[in-house]
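Each remark here refers to the structure printed beneath this line.
The values are calculated or read from the model by the stated rules, or taken from the named source; none is laboratory data. These numbers come from a predicted model, not from an experiment. As a convention, Cβ positions derive from the backbone with ideal geometry for all residues, glycine included, and neighbour counts pool all protein chains shown. Side chains are part of the model used for accessible areas, which takes the heavy atoms of the whole protein and leaves out ligands, DNA and RNA. Shrake-Rupley method; radii C 1.70, N 1.55, O 1.52, S 1.80 Å.
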Amino acid sequence: MQTLEKQIKELIDSDPQLKSLFDNITSIPGVGTVTAAKCIVITDEFKKFENAKQLACHAGVVPFENSSGSSLHSKPKVSKKAHKGIKATLSNCVMSAMRYNTHFKAYYERKLKEGKNKFTVFNAMKNKLVRLIFSLAKQGKKYDENYTYSLV
């Protein structure tokens, strides 16, 4: 696995635009080489999706409700057609981000105190992470813990 990560890193370092994109994404605490590379490949260097919500839907972290007219048939659920590879990778990132990113940790604890289901909160955190990755990639900025991001 380390040789694969080394090869990925060498390939990314050979292209200045890829390197900049990669450095911006990996500046987020909890996001590593594999996640950044997957995001870059899946999104075709963030050209494939117009906004963060489209990427979040593709990753399967946006819940949709099943309703008809005025009746609500079930609780909101995420799509089964999601890209399972990126969704699993995001799960690992969120676990790591909860340890190393103070904003994610505070968000998780606050939502649990509000009585939210931990799996719902975990999914919301994956959604926040996707939106943050997309935002940093599009703006060409590195993560700054003291900055409040517009996660459009």
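With a 1.4 Å probe and all protein chains left in place, how much of the accessible area of region 98-152 comes from carbon and sulfur atoms, in whole percent?
51 percent
Do any of Lys47/Lys116; Lys48/Lys105; Lys111/Lys142; Lys6/Lys128; Lys53/Lys141; Lys48/Lys141 go past 23 Å between their Cα atoms, and which?
Details: Lys47/Lys116 35 Å; Lys48/Lys105 31 Å; Lys111/Lys142 27 Å; Lys6/Lys128 28 Å; Lys53/Lys141 19 Å; Lys48/Lys141 19 Å.
Violating the 23 Å Cα-Cα cut-off are Lys47/Lys116; Lys48/Lys105; Lys111/Lys142; Lys6/Lys128.
Whole-Hz Karplus ³J(HN,Hα) for region 88-102, in order, using 6.51 cos²θ - 1.76 cosθ + 1.60 and θ = phi - 60°, x for Gly and Pro?
Rounded to whole hertz, the list is 5, 5, 5, 4, 5, 5, 5, 4, 5, 4, 5, 7, 10, 10, 5.
Under a cut-off of 17 Å between alpha-carbon atoms, report the aspartates and glutamates in cross-link reach of Lys118, not counting same-chain residues fewer than 8 places apart.
Glu109
Using a cut-off of 12 Å between beta-carbons, work out the net charge of the residues near His103 (Lys and Arg +1, Asp and Glu -1, His103 not included).
Values: positive: Lys105, Arg110, Lys128; negative: Glu109, Asp144, Glu145.
So the surrounding residues net to 0.
Could you state the orientation-averaged shadow area of the convex hull built on the Cα atoms of region 1-69, in nm² to one decimal?
On the way: hull surface 25.1 nm².
Averaged projected area of region 1-69's Cα convex hull equals 6.3 nm².
On alpha carbon coordinates alone, what is the Rg over Rh value for the chain, Rh being the Kirkwood radius? List each step's numbers first, then the result.
Working: Rg = 16.3 Å, Rh = 16.3 Å.
On the Cα set of the chain, Rg over Rh gives 1.00.
Please state, to two decimals, what the Cα-based radius of gyration of region 74-137 comes to when divided by 2.2 N^0.38 Å (N = residues). Don't skip to the answer; put the middle values down first.
Values: Rg = 12.2 Å, N = 64, 2.2 N^0.38 = 10.7 Å.
This ratio for region 74-137 stands at 1.14.
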